[in-house]
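Quick notes on the structure that follows.
The values are calculated or read from the model by the stated rules, or taken from the named source; none is laboratory data. All values reported here derive from a predicted model rather than from experimental measurement. Virtual Cβ from ideal backbone geometry, glycine too; neighbours counted across all protein chains shown.
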Amino acid sequence: MSTVATASRVRRTGPVLAVVALIAFVTTLDNTIIAAAAPSIGRELGLSLATLQWISIAYILPYAGLLLTAGALLDRFGRRRLLLAGCALFAAGAVLGGVARSAELLLIARVAQGVAAAFLVPGTLSLVRTALPADRRAVAVTIWTAALATALALGPWLGGALAQYLHWSWIFLSNLPFVAAAAIVLASRTPPEETRHGARVRLLGAVLVTLSLVLLMASVLTSAGTAIALALGAAGALGLVASALVERRADTPLIPARLLGSRGFAGANALVLLWGLGISGVVFFTPLVHQEFLGASPAAAGVPLVLVAAAVIGTTPFVPAVTRALGPHRTVFLGLAVLAAGLVALAIANDQHAVGPRVPGLLLAGAGSAFTTPITTYALELVDAEDAGIASGVLAASRELASAFGVAFIGLVLTLVQQDLVLSGVDRGPALAAGYTAGLVVAAALQAVGAVLALVVLRPPGTRQS
């Protein structure tokens, strides 16, 4: 290939690759950066633990709830147009979060960024398919994965460092350079698309599901009493039933019936849910425990979670070979079992006032999580090519929802144990640590259940039962 041709190729593909890297990094960072900064936010604004949980969940729920509808909207109005709108909304949420000094404004900011992410992520990934030649798509996916891994590793430490050395508002304001760069590249280097009037857009199902999930989450996190919690939970459950009825009667449901009827696909989503319920809450509460119980600084409190990310990144290259040797069912069994062992190790070490004894458990948790990646590959191999996009969206939404409910569920266990101990005269720090230990044990039990389930639902056809 001539030098001129190579330069022209770089000019065509370079902007798309830049957008891929920037969007992958900033949307993942916004999900991970909050954990280590949350205690600083709570202390300054006088927020309860439940409110801090909402600040994390408020990003995840609209992100997950709108993922499936976002694809239709992107097809209808054009990727470039909605990606630019998503950048503007994400930036607006970042500015609002940076200047907010109340829980209400912080929650609005997080919701805005979650809605924006629901369009930015699938929109950017679709650019890989539509705006790049076939031989450059693998490079784009590699860049996307590298950006995700970098944000995963940096997020917990960066959130604590910004809160300690600048101010927690910078966890939001630090988004702006990345979003601005992505918007500039999109506006100047990608061509506009025509509006497709024939593409169907169905928002009712997605909005109803999202509102129902918010009600269910509120039932878990409310401190207003059992009666109100039950009422919120019942309303959320009814909303999900109503959304299912709406989808059943629709000509083109958000999730085709053939996917819902697939035992393997449903089982894979159940595994994603169990994994998220177990690990996400632990990740969210670890920096809080390190600050409140161990007395660590905000920056130091997030460093141990970098070990989890490093273990995920370091173990991932070995996953394909292990999967080929053991099969997806045994590989995921191994991953969830190792993750459960790591959580148990953390629980055993949790009464010690040092980070060192926690390191083996954190590394095991990261390594185990890496070996759960065949869940997604197996699930996508079960569906037809025409359903690959919607199946990917369902799995992504399941992963995000599991993260949200993991923060809420493990938080509920932690809070109940902590409150009981505080009422009996135990100091707040040790009571928080004891609640965290209980959360670790529950999370480990969920991973054990998932490990056994993996042997059943991920077993390839024709393979003997393990």
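Structure summary
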read-out: Filter result for residue 419 (outside any helix (DSSP H, G or I) and surrounded by fewer than 18 Cβ atoms within 10 Å (Cβ to Cβ)); value: no
read-out: Long-range neighbours under 8 Å by Cβ, at least six apart or interchain, first residue over 9 Å from residue 457 (Cα atoms) within the stretch 264-277, second among the basic types (Lys, Arg) and surrounded by fewer than 24 Cβ atoms within 10 Å (Cβ to Cβ); value: 272/399; 276/399
read-out: Residues being modelled with pLDDT of 90 or more, surrounded by fewer than 21 Cβ atoms within 10 Å (Cβ to Cβ) and farther than 17 Å from residue 313 by Cα - total across the stretch 351-391; value: 1
read-out: Tabulated pairs, the stretch 300-312, first assigned by TED's automatic domain parsing to the domain that holds residue 280, second at pLDDT 85 or above and not in a helix (DSSP H, G or I), C-beta under 7 angstrom, 6+ apart or interchain; value: 304/355
read-out: Top-ranked residue in the stretch 194-218 [being farther than 21 Å from residue 241 by Cα and among the basic types (Lys, Arg); ranked as modelled with the highest pLDDT]; value: 200
read-out: Wholly enclosed helices (runs of 4 or more DSSP H) of the stretch 255-350 bearing at least 1 residues in contact with a Gly (Cβ under 8 Å, 6 or more places away or on another chain) and aliphatic (A, V, I, L, M); value: 263-292, 298-315, 319-349
read-out: Residue within the stretch 380-396 that is over 25 Å from residue 323 (Cα atoms) and among the charged types (D, E, K, R) present; value: yes
read-out: The lone exception for residue 227 - which of (1) at pLDDT 80 or above; (2) within 26 Å of the chain's Cα centre (by Cα) it fails; value: (2)
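Yes/no per residue for (1) buried (at least 17 other Cβ atoms within 10 Å of the Cβ); (2) of a type outside the set (Ser, Thr, Tyr); (3) outside the structural domain of residue 15 (by TED's automatic domain parsing):
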residue	(1), (2), (3)
39	yes, yes, no
44	no, yes, no
48	no, no, no
53	yes, yes, no
70	yes, yes, no
80	yes, yes, no
83	yes, yes, no
88	no, yes, no
94	yes, yes, no
